[in-house]
Amino acid sequence: MQAKTRAGRRVIPLPASMTDRLRAHRRWRAAHRLRLGIAYEDQGLVFANRTRGTLEPQILTRRDLKTILRRAKLPETIRWYDLRHACATLLLAASENVKVVAERLGHAKTTLTLDLYAHVLPGMQESAAIRLDAMLFGRGNGLYDPWPISGREPGNPPALPPVVEAEVVGRVAESEHVDGTP
């Protein structure tokens, strides 16, 4: 099957647990190839039908996906696309970079990913505000302190790095009127 766009043809890093399963699948396929002998059709596919030909999507859904869903006690109405959508939603909810998610989905532009998964972003805004508060003022959950200062009292904001301070001072100066009022 050909990808719809150039971005659709991609290499995606897999978790170690998945690569272990794929290696086991390769060993099973090698044994299957020996059993089939001359009837074996090698088309270079990772997943194929019993004679190593292309899988039909309807058969794949009916035979494999439905079996997996039953075993997991999930609704059999779930489609392959729903699993793709769930993956993207989970990654975005875990604050994964939108560019990374877009690349995994094969989206050529991050705008498509943002348009499709904008429902995930409202909660991420609150999370970003908490992280920003912790970075700038040493408050929040304390998971991240970019400018640790030994002996600093809790709630006492750290000094801004010189580059940030110069940017802030410059913007304040630009916004003041001639008479010195903001």
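The values are calculated or read from the model by the stated rules, or taken from the named source; none is laboratory data. All figures in this text were calculated on a predicted structure; none of them were measured in a lab. All Cβ positions, glycine included, derive from the backbone under ideal geometry; neighbour counts span all protein chains shown.
Just give me the residues in region 106-125 being in a loop (DSSP other than H, G, I, E, B) and surrounded by fewer than 16 Cβ atoms within 10 Å (Cβ to Cβ), in sequence order.
Of everything in region 106-125, those that are in a loop (DSSP other than H, G, I, E, B) and surrounded by fewer than 16 Cβ atoms within 10 Å (Cβ to Cβ) turn out to be Ala108, Lys109.
Looking only at region 97-117, decide whether some residue is at positive phi and touching a residue at least 40 places away in the same chain (Cβ under 8 Å).
Yes, because at least one residue in region 97-117 is at positive phi and touching a residue at least 40 places away in the same chain (Cβ under 8 Å).
Read through the list (1) within 26 Å of Arg9 (Cβ to Cβ); (2) surrounded by 13 or more Cβ atoms within 10 Å (Cβ to Cβ); (3) of a type outside the set (A, V, I, L, M, F, W, C), then give the number of the only condition that Arg131 fails.
For Arg131, the failing item is (1).
Quick check on my filter: what residues within region 112-130 are touching a helix residue (DSSP H, G or I) at 6+ places or on another chain (Cβ under 9 Å) and either modelled with pLDDT of 80 or more or of a type in the set (Ser, Thr, Tyr) (or both)?
Listed by number, the residues that qualify are Leu112, Thr113, Leu114, Leu116, Tyr117.
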